[in-house]
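S.K.: My questions will all concern the structure given below.
What follows draws every value from the coordinates through simple rules; no lab data is involved. Please read these numbers as outputs of a predicted model, since none were measured by experiment. Note that each Cβ is placed from the backbone with ideal geometry, even for glycine, and that neighbours are counted across all protein chains shown.
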Amino acid sequence: MTRTPQLPDGAGDATPLGFRSYPDPALMPCESCGAQPGEKHRATEPVPDEDQIELWVFDSVCEATDGCTVEGDGRCSHGHSSWLLTLGLI
């Protein structure tokens, strides 16, 4: 006699990992400043002083407007531009 395995009540109701739906990051608000999609990012860090800017100009990295480390002409993973870009120095 062949027996068919039985699942306990509620088992099998979970969605397999490969089929879970995750929110589209492009539709989520910015984790750093809360800007909604399509809105301009707001600086969450104070404007740097001249000495700090001078260091960044001669270094290969600087800060983005949310404090992330980026290249001088770059943007962070949250979409914030470097201070050098924001201030129009590059």
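S.K.: If a/c stays under 1.5 just call it rounded; otherwise compare a/b with b/c (prolate if a/b is bigger, oblate if not). Do that for the range 51-90, with a ≥ b ≥ c from the square roots of the Cα gyration tensor eigenvalues.
M.R.: Here the range 51-90 falls in the prolate category.
S.K.: Using DSSP to call loops (not H, G, I, E or B), can you name the trypsin sites (Lys or Arg not before Pro) in the range 38-89 whose Cβ has at most 14 other Cβ atoms within 10 angstrom?
M.R.: Filter output for the range 38-89: Lys40, Arg42.
S.K.: As a footprinting exposure proxy, order Asp66, Asp73 by other Cβ within 10 Å, with the fewest listed first.
M.R.: Asp73, Asp66
S.K.: Grab the Cα-Cα distance for Ser60 and Arg75, subtract it from 0.36 nm times how many residues apart they are, and report the gain in nm with one decimal.
M.R.: Between Ser60 and Arg75, full extension yields an extra 4.0 nm.
S.K.: How high is the FRET efficiency from Gln36 to Thr86, r the C-beta distance, R0 22 Å, rounded to 0.05?
M.R.: So, using R0 = 22 Å, E works out to roughly 0.65.
S.K.: Where does the charge balance sit around His41 when Lys and Arg score +1, Asp and Glu -1, over other residues with C-beta under 15 Å from its C-beta?
M.R.: Neighbourhood net charge equals -2.
S.K.: State the extension gain, in nm to one decimal, for the chain segment bounded by Asp51 and Asp24, taking 0.36 nm per residue of separation less the distance between their alpha-carbons.
M.R.: Here the segment from Asp51 to Asp24 would lengthen by 5.8 nm.
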